[in-house]
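A short write-up of the structure that comes next.
Nothing in this text is a laboratory measurement; each read-out follows from the coordinates by a stated rule. None of the values given here were measured: they were computed from a predicted structure. Cβ coordinates were reconstructed from backbone atoms using ideal geometry, including for glycine residues, and neighbour counts include every protein chain displayed.
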Amino acid sequence: ELVVPTKDAIRNTYLIDKLVRNNYHVSVVGPTGTGKTLTIEEYLTKAMESKYVPLMTSFSAQTSAFQCMTFLDSKMEKRKKGVFGPSAGKKFVVFIDDFNMPKVEEYGAQPPVEMIRQAIGLGGWYDAETLDWKSVIDCVYVTSMGNPTGGRNPITSRQKRLMSILSFAEMDEASQLQIFSNILGQFLKDFDPSIGRTTENIISATQKLF
């Protein structure tokens with residue numbers, strides 16, 4: 001619950017902000033523990049003006065294209081015949097966590113990923129019941145995913161070509177010290193001051209031991 005703004009988080013947030021405001025779709029990639037989800041959620045919920053409306057969801061291995069479409073359809077308003085989106089004057093920022101988790105089918109497709117690819121590349125999707133085309137406007141897509149291991153899969157080039165890819169690197173020792181000092185310092189402030197003063201030494205020793 002404690003968000004510590006490191007230089008990495010500030011730089012990454014700045015880049016995401018510039019891209020989203022200029023209608024570029026963003027794909028954030030990086031190892032577990034680099035703060036991808038936390039940075040994006042913090043930015044979407046606290047840093048954006050009211051005209052930007054965040055829609056947040058996540059994919060699992062079992063997520064289907066229909067579930068993804070149903071979630072997005074439930075948030076859309078009809079703007080005119082065949083055209084859907086947020087209410088007039090607003091813009092949806094759709095954040096999808098664990099974007100590369102869906103199971104890969106026999107011939108290489110990940111249906112929910114393909115649905116987002118269609119939404120970005122062609123500007124909409126087909127209604128599941130009537131099969132009519134639905135144009136979707138005023139949406140920017142932000143995704144985050146870990147490296148393709150342990151249930152996570154490589155994303156197809158068809159999807160990657162539509163996104164601006166932003167890589168979150170492993171935190172350096174200075175950032176680790178800053179984060180863990182804040183967390184441990186908050187905990188130790190109820191103890192004797194002599195114990196609180198050992199915070200940085202404990203973090204530094206832990207880093208060396210690790």
Can you give me the Cα centroid spacing of the range 1-41 and the range 159-184 in angstrom?
8
May I ask for the angle, rounded to the nearest 10°, between helix 199-209 and the longest principal axis of the chain, with both axes built from Cα atoms and the value confined to 0 to 90°?
70
In the structure shown, do any of LYS103/LYS134; LYS80/LYS160; LYS18/LYS189; LYS36/LYS80; LYS36/LYS75 have a Cα-Cα gap over 28 Å, and if so which?
LYS80/LYS160; LYS18/LYS189; LYS36/LYS80
Could you go through the range 177-187 in sequence order and give the Karplus-derived ³J(HN,Hα) for each residue, using 6.51 cos²θ - 1.76 cosθ + 1.60 with θ = phi - 60°, rounded to whole Hz, and x for Gly and Pro?
4, 4, 5, 6, 5, 5, 5, 5, x, 4, 6
Linear extension gain, LYS18 paired with ILE202, 0.36 nm per residue minus alpha-carbon span
62.4 nm
I'd like the FRET efficiency for ILE195 and THR149, computed as 1/(1 + (r/R0)^6) with the beta carbon distance as r and R0 of 30 Å, rounded to 0.05.
0.15
Would you kindly derive the ³J(HN,Hα) couplings of the range 118-131 from the backbone phi angles with the Karplus curve 6.51 cos²θ - 1.76 cosθ + 1.60 (θ = phi - 60°), listing them in order in whole Hz, with x for Gly and Pro?
5, 4, 6, x, 10, x, x, 8, 8, 4, 5, 9, 8, 6
On Cα atoms only, tilt of 7-21 relative to the major axis of the chain in degrees
20
Quick one: which residues, 5 or more positions from GLY124 or on another chain, have an amide H under 5 Å from its amide H? H modelled 1.01 Å from N in the peptide plane, none for Pro or chain starts.
ALA119, VAL136
Once you order the gyration tensor axes a ≥ b ≥ c over the Cα atoms, which shape class does the range 145-185 get: rounded for a/c under 1.5, otherwise prolate or oblate by comparing a/b with b/c?
prolate
What is the projected area of the convex hull of the Cα atoms of the range 1-146, averaged over all directions, in nm²?
9.6
Among MET76, THR130, LEU38, whose Cα sits farthest toward the positive end of the charge dipole of the range 33-135 (+1 at Cβ of Lys/Arg, -1 at Cβ of Asp/Glu, about the Cα centre)?
MET76
Pull up the cross-link candidates among the aspartates and glutamates for LYS90, meaning alpha carbon to alpha carbon under 12 Å and not fewer than 8 places away within one chain.
GLU49, GLU77, ASP138
How do 139-145, 172-178 rank on mean C-beta neighbours within 10 Å, highest first?
139-145, 172-178
Quick one: which residues, 5+ away or cross-chain, put their amide H under 5 Å from the amide H of TYR24? H built at 1.01 Å from N.
none
In debye to the nearest 20, the charge dipole size for the range 1-129, taken about the Cα centre with +1 at each Lys and Arg Cβ and -1 at each Asp and Glu Cβ, equals 700
For the range 120-188, compute the orientation-averaged projected area of the C-alpha convex hull (one quarter of its surface), in nm².
9.0
Express the relative contact order of the chain as a whole percentage, based on alpha carbon pairs under 8 Å and six or more residues apart in sequence.
28
